[in-house]
Amino acid sequence: MDASSNDPKPVSPACAGCAERDRRIAELEARIARLEAFARGAKRQAAPFSKGSPKPDPKPPGRKSGEDYGTHHRRALPPRIDEVLEAPLPQHCPCGGVVVEKQVVQQYQTEIPRTVIYRQFNVHVGECCKCHGRVQGRHPLQTSDALGAAASQIGPDAQALAVQLNKEAGLSHGKVKRFFKAAFDLEMGRATSCRVMLRAAQRCEPVYKVIVRRVQQSPFIVPDETGWRIGGILAWLHVAVGADATAYLVHFQRGFEAMVELIGEDYEGFLTHDGWSPYMRFICAIHQTCLGHLLRRAHELEESAVGGAVHFPRQVKAIFKEALAVRDRRDAGELTMQEAIEQAKILARQMIELACRPRKNAENERFAKHLWILQECLFTFLEFEGVDATNHKAEQAIRPATANRKVWGGNRTEAGAQAQSILMSVIRTAAQRGIEAVDFISSTMKACFGRLPQLFPDTG
């Protein structure tokens with residue numbers, strides 16, 4: 001055996017394909033490392049929403065003193081005085097001296113009553129002399145005509161407050177029960193709270209139908225959806241925000257079939273959404289894709305990109321930020337509507353030219369194709385005043401529901417899901433209309449059928 005055979009074999013120079021392979025492997029390994037680090041940071045523990053370690057030299061909290069502080073706030077005096085109480089002087093000072101009164105000054109306190117009102121209705125029952133049918137009286141404060149075993153009931157204000165606590169504040173039925181006991185010494189079982197929701201939803205169903213029609217007649221709609229549960233089965237909570245009304249719908253399906261029930265298949269107004277493909281099936285609508293979603297996606301690509309791949313997401317962000325700046329200048333009166341439209345055309349051409357270029361980076365190429373598909377609905381908000389550039393309104397409307405979902409997961413029954421849709425729509429629309437939801441629901445619970453209060457009195 002030749003001695004030279006023990007020497008290490010010379011390494012042959014790598015071919016161009018092998019070099020490209022090694023470069024690609026190194027790039028992917030670096031990207032995986034960054035994504036793993038990001039995933040570890042996303043697994044928050046007991047303290048959510050942390051942005052990392054506190055700043056070493058943070059600014060002091062609150063507003064700075066000086067001329068720019070603004071008006072100091074103080075609690076307004078009560079509009080009326082229900083009781084006057086005296087706070088007399090002690091006979092002696094703590095030092096033992098005699099106290100001489102100099103003046104009397106006022107202090108005010110606003111308190112809530114915690115006394116339950118127990119009412120008794122003497123319901124007069126009679127018989128019609130003509131048809132011999134049974135007739136009974138009804139007081140304006142009654143919420144039901146039930147007698148006998150169902151004669152003891154919860155009042156309208158308590159029912160309306162329970163609805164708001166459950167559907168807006170997110171309290172479970174057990175917590176609603178404990179709240180009424182602690183605040184008012186009122187006994188209310190969890191089952192009672194649940195039945196209140198179903199009864200209130202039944203009374204408010206005609207109002208809900210009016211809300212849905214009002215949304216469908218709105219010049220613009222901002223829709224969104226999020227995951228939900230009905231009896232443990234995956235479902236979806238849909239929302240559609242109009243100019244002066246908001247409609248919710250809990251549905252087993254996610255997509256066009258469910259949103260049609262809120263928006264209407266032939267809707268012809270402006271639709272601002274997150275770019276999800278089922279929304280594009282509303283072919284009669286004028287579409288605007290949420291720039292917030294696109295900017296976030298571009299930012300994520302920029303954060304994970306390596307080398308020259310960072311240029312594409314940065315260019316996309318620059319175009320969208322310029323579009324938002326044009327909108328702000330138009331709304332401030334610095335640009336005319338025609339000038340804003342011309343700027344929109346320029347920005348649209350820049351985006352098309354940017355998106356049609358071939359990309360080596362797969363993620364950039366996928367994003368470029370997405371922008372190419374949405375090219376007709378990227379700058380609609382510049383061509384028409386009043387059109388939202390983002391779906392922020394829908395995300396804000398859906399946020400209370402997501403908080404509730406964390407507490408009790410969804411609804412146990414389809415009837416509960418329907419009540420969820422109706423009552424959330426009434427509460428949110430009442431807020432848009434400047435109406436106190438508790439007062440409106442209380443009035444609805446007291447009203448006889450056919451004489452329900454209206455959220456939109458101008459429509460009859």
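We did not get these values from a lab; they are worked out from the coordinates using the rules stated. These numbers come from a predicted model, not from an experiment. Quick reminder, even Gly has a Cβ in these numbers, built from the backbone with ideal geometry, and neighbours come from all protein chains shown.
Values as computed for the structure displayed
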item: Calculated log₁₀ intensity ratio I(q)/I(0) where the Debye formula runs over C-alpha points of the chain, q = 0.07 Å⁻¹; result: -0.60
item: Cα-Cα over 22 Å, subset of 59/321; 321/369; 321/345; result: 59/321
item: Relative exposure of 444, 115, 402, 336, judged by other C-beta atoms within 10 Å (fewest first); result: 115, 336, 402, 444
item: Region 228-303-region 124-157 distance, computed between alpha-carbon centres (Å); result: 45 Å
item: Vicinal HN-Hα couplings computed from phi for region 344-350 (Karplus, 6.51 cos²θ - 1.76 cosθ + 1.60; Hz; Gly/Pro x); result: 4, 5, 5, 5, 5, 5, 4
item: Too-long pairs where the Cα-Cα distance tops 25 Å, listed order kept, from 317/360; 177/446; 167/209; 130/446; result: 130/446
item: Quarter of the Cα convex hull surface for region 385-460, i.e. its orientation-mean projected area (nm²); result: 7.4 nm²
item: Under 5 Å, built H, 5+ apart or other chain: amide partners of residue 235; result: 228, 229, 230
item: Prolate/oblate/rounded label for region 119-245 (Cα gyration tensor, a/c 1.5); result: oblate
item: Taking 68, 274 and counting other C-beta atoms within 10 Å, the order from fewest to most; result: 68, 274
item: Antiparallel content of DSSP bridges confined to the chain, in %, to 5; result: 75 percent
item: Three-way shape label, region 43-171, alpha-carbon gyration tensor, a/c 1.5; result: oblate
item: Rounded, prolate or oblate (a/c below 1.5 giving rounded, otherwise prolate when a/b exceeds b/c) for region 256-336 by Cα gyration tensor; result: oblate
item: Cβ-based exposure ranking for 316, 306, in which fewest neighbours within 10 Å come first; result: 306, 316
item: Fraction in percent of alpha-carbon pairs per bin - 5 Å, region 291-383; result: 2, 14, 26, 23, 16, 10, 6, 3, 0
item: Residue-averaged [θ]222 nm for the chain, counting only DSSP H segments that reach four residues, each worth -39500 (n - 2.57); result: -14500 deg cm²/dmol
item: Karplus 3J(HN,Hα) series, Hz, for region 188-201 with 6.51 cos²θ - 1.76 cosθ + 1.60 (x for Gly, Pro); result: 9, x, 4, 5, 5, 4, 5, 5, 4, 4, 5, 5, 5, 5
item: Cα-based equivalent ellipsoid of region 53-110: semi-axis lengths in Å, sorted from largest, via gyration tensor; result: 40, 22, 13
item: Relative contact order computed over the chain (Cα-Cα under 8 Å; 6+ residues apart), in percent; result: 18 percent
item: Residue-by-residue Karplus 3J(HN,Hα) for region 209-226, coefficients 6.51, -1.76, 1.60, Hz, glycine and proline x; result: 5, 5, 4, 4, 4, 5, 4, 5, 8, 5, x, 9, 9, 10, x, 6, 8, 8
item: For residue 180, net neighbour charge (Lys/Arg +1, Asp/Glu -1) across residues whose Cβ lies under 13 Å away; result: +3
item: For residue 238, net neighbour charge (Lys/Arg +1, Asp/Glu -1) across residues whose Cβ lies under 9 Å away; result: -2
